[in-house]
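Worksheet: the structure to be examined is printed underneath.
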Amino acid sequence: GGRALVVDTHGWLAAVTGMPPLDRLPLPKSFAAGRRWLPSLGMCAVEPLPGGWLIRIDEETRGAASRVVLDLTGPRRSSVTVSGAAGSWTHELSPRHAELLYVLTLHPGGRTAAELAGDLFGDVTRTVTVRAEMSRVRRHFAELLAHRPYRFLEGVQVEVVLPEHPVDLLPHSTAPAVRARG
């Protein structure tokens with residue numbers, strides 16, 4: 001019962017139950033049996049299997065991330081720090097993922113793929129590109145983001161740390177939504 005998956009030692013999926021399948025689960029370098037926090041799943045019970053791992057998602061801590069800090073102060077480096085009952089972790093963002101998460105903070109009610117395409121590319125027809133990027137973002141932040149429309153989950157406190165000067169906000173971005181703020 002519940003949500004679980006079996007992966008090999010590199011994180012490639014072998015079996016899944018109670019949740020949509022994924023291709024690969026990013027595993028920390030020092031991965032071991034026991035209770036472990038995985039950014040894309042939350043708190044998990046990890047058991048060794050021959051050639052891999054059984055990972056059971058702890059339903060009691062599901063959605064336990066309570067605070068997200070999106071740090072956009074660096075000219076070339078942006079990051080997200082997630083804090084909750086199980087601890088905290090930081091993830092460095094690609095420029096595109098920084099843009100996506102920033103736009104989602106501007107629209108707490110959410111954005112459709114077409115709206116995000118307009119925000120990022122100025123072209124509402126680029127929904128396939130947006131959906132692919134959001135899929136990549138959700139691999140890291142599945143416990144924080146919802147879809148239809150894309151948004152941060154209710155109950156997650158999101159803080160954005162902006163650079164001192166508006167012109168320094170994601171300076172290499174050409175996204176219309178970012179340029180309108182910078």
Out of all the residues in the stretch 126-138, is one or more in contact with a Lys or Arg (Cβ under 7 Å, 6 or more places away or on another chain), surrounded by 16 or more Cβ atoms within 10 Å (Cβ to Cβ) and within 18 Å of Pro39 (Cβ to Cβ)? yes
Taking the stretch 67-87 and keeping residues assigned to a strand (DSSP E or B) and modelled with pLDDT of 75 or more leaves Arg67, Val68, Val69, Leu70, Asp71, Ser78, Ser79, Val80, Thr81, Val82, Ser83
In this structure, is Ala180 open to solvent by 50 Å² or more (accessible area, probe 1.4 Å) and at pLDDT below 95? yes
Yes or no: the stretch 113-134 includes at least one residue that is in contact (Cβ under 8 Å) with a residue 24 or more places away in the chain, part of a helix (DSSP H, G or I) and more than 16 Å from Ala175 (Cα to Cα). no
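Here's the yes/no breakdown for (1) touching a Cys at 6+ places or on another chain (Cβ under 8 Å); (2) closer than 26 Å to Arg179 by Cα; (3) of a type in the set (A, V, I, L, M, F, W, C); (4) surrounded by 15 or more Cβ atoms within 10 Å (Cβ to Cβ):
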{"residue": "Ala4", "(1), (2), (3), (4)": "no, no, yes, yes"}
{"residue": "Leu13", "(1), (2), (3), (4)": "no, no, yes, yes"}
{"residue": "Met43", "(1), (2), (3), (4)": "no, no, yes, yes"}
{"residue": "Ile55", "(1), (2), (3), (4)": "yes, no, yes, yes"}
{"residue": "Glu59", "(1), (2), (3), (4)": "no, no, no, no"}
{"residue": "Arg76", "(1), (2), (3), (4)": "no, yes, no, no"}
{"residue": "Val80", "(1), (2), (3), (4)": "no, yes, yes, yes"}
Criterion first (free of Cβ contacts under 8 Å to residues at least 40 places away in the same chain and not small (Gly, Ala, Ser)) does Pro26 satisfy it? no
From Thr73, Thr17, Thr90, Thr9, grab the single residue that is in contact (Cβ under 8 Å) with a residue 60 or more places away in the chain, farther than 21 Å from Ala132 by Cα and in contact with a strand residue (DSSP E or B) (Cβ under 8 Å, 6 or more places away or on another chain). Thr73
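The values are calculated or read from the model by the stated rules, or taken from the named source; none is laboratory data. As the structure is a prediction and not an experimental result, all values here were calculated from the model. Note: ideal-geometry Cβ built from the backbone for every residue, glycine included; neighbour counts use all protein chains shown. Protein only, heavy atoms only, side chains kept; ligands, DNA and RNA dropped before computing areas. Shrake-Rupley method; radii C 1.70, N 1.55, O 1.52, S 1.80 Å.
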